[in-house]
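Engineer: Sharing a structure below in structure tokens format, with a few things to ask.
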Amino acid sequence: MPALPRLTPSLQLTLILAITLLLLGVLPSWSEPLLEFNRAAIDDGQWWRLLTGQWVHYGAYHLAMNLGAFVLCGYILFRDASLKHYATLLLLCLLGVGLGLFFFSPELDYYAGLSGALHGLLVGGILLTFREMPWMNGAALLVVAAKIVQEQWPGFDTSHPLLPVPVAVDAHLYGALVGLVWGVAFVVLGAWRSRHV
């Protein structure tokens, strides 16, 4: 019988946040109006929505998709990562997506979901673990890049048959850019430190 995975601090954070996502998803009539990204409410000073909007979801399918991706990403890419690095990247992704949508996507009045931050975690995690599996991670990075380019292509259909709202593809772009900057900085700083030890 295979052994259960070791419950590292980063994996503990993933599980705590996954439970939080689930609890917020059970009470959408309360959590969604209070926490979603709402441009008018943010303009009125409810700045927390820049972050909290990413923890609520539009329906069970939306929640299940992002919850599953979050747990897999946390387990596969960040289980053995430093809690400080993982938490920092996650916070930067959340901030980058929230601020990116607010300042650079003025046509978007409402947003909910973790997919933007997930794109950042994915890109950052791929770069974090690049040395372990360079060919696989390189291919994964190309797939993510192709997906982002396709979503930004003029005329891309943002509708999804199982979502009640269009996919906010700009959130994916902003998250991926934050993950890329964080990942490149992590790799460059790691290389610099190894040369100066």
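The values are calculated or read from the model by the stated rules, or taken from the named source; none is laboratory data. Quantities reported herein were computed from a predicted structural model and do not represent experimental measurements. Cβ atoms come from the backbone with ideal geometry, glycine included; neighbour counts cover every protein chain shown.
Engineer: Give the residue, chosen from LEU189, LEU141, LEU163, LEU180, that is assigned to a helix (DSSP H, G or I), farther than 16 Å from HIS85 by Cβ and out of contact with any Cys (no Cβ under 6 Å at 6 or more places or on another chain).
Structural biologist: The conditions single out LEU141.
Engineer: For residues that are surrounded by 11 or more Cβ atoms within 10 Å (Cβ to Cβ) and among the acidic types (Asp, Glu), tally how many sit in the range 31-54.
Structural biologist: Total meeting the criteria: 2.
Engineer: Scanning the range 138-172 for residues that are within 22 Å of LEU99 (Cα to Cα) and touching a residue at least 60 places away in the same chain (Cβ under 8 Å), which turns out surrounded by the most Cβ atoms within 10 Å (Cβ to Cβ)?
Structural biologist: ALA171
Engineer: Among the residues of the range 91-101, is there at least one that is in contact with a helix residue (DSSP H, G or I) (Cβ under 7 Å, 6 or more places away or on another chain), in contact (Cβ under 8 Å) with a residue 24 or more places away in the chain and on the phi > 0 side of the Ramachandran plot?
Structural biologist: no
Engineer: Out of the residues in the range 53-77 meeting the condition of being modelled with pLDDT under 95 and in a loop (DSSP other than H, G, I, E, B), tell me which one is nearest to the chain's Cα centre (by Cα).
Structural biologist: Ranking the candidates gives TYR58 first.
Engineer: Mind telling me which of the residues PRO28, PRO5 ends up being surrounded by fewer than 11 Cβ atoms within 10 Å (Cβ to Cβ) and modelled with pLDDT under 95?
Structural biologist: So the residue among PRO28, PRO5 that is surrounded by fewer than 11 Cβ atoms within 10 Å (Cβ to Cβ) and modelled with pLDDT under 95 is PRO5.
Engineer: Counting just the residues of the range 1-52 that are among the acidic types (Asp, Glu) and not in a loop (DSSP other than H, G, I, E, B), which one comes out nearest to the chain's Cα centre (by Cα)?
Structural biologist: Across the range 1-52, the extreme among qualifying residues is GLU32.
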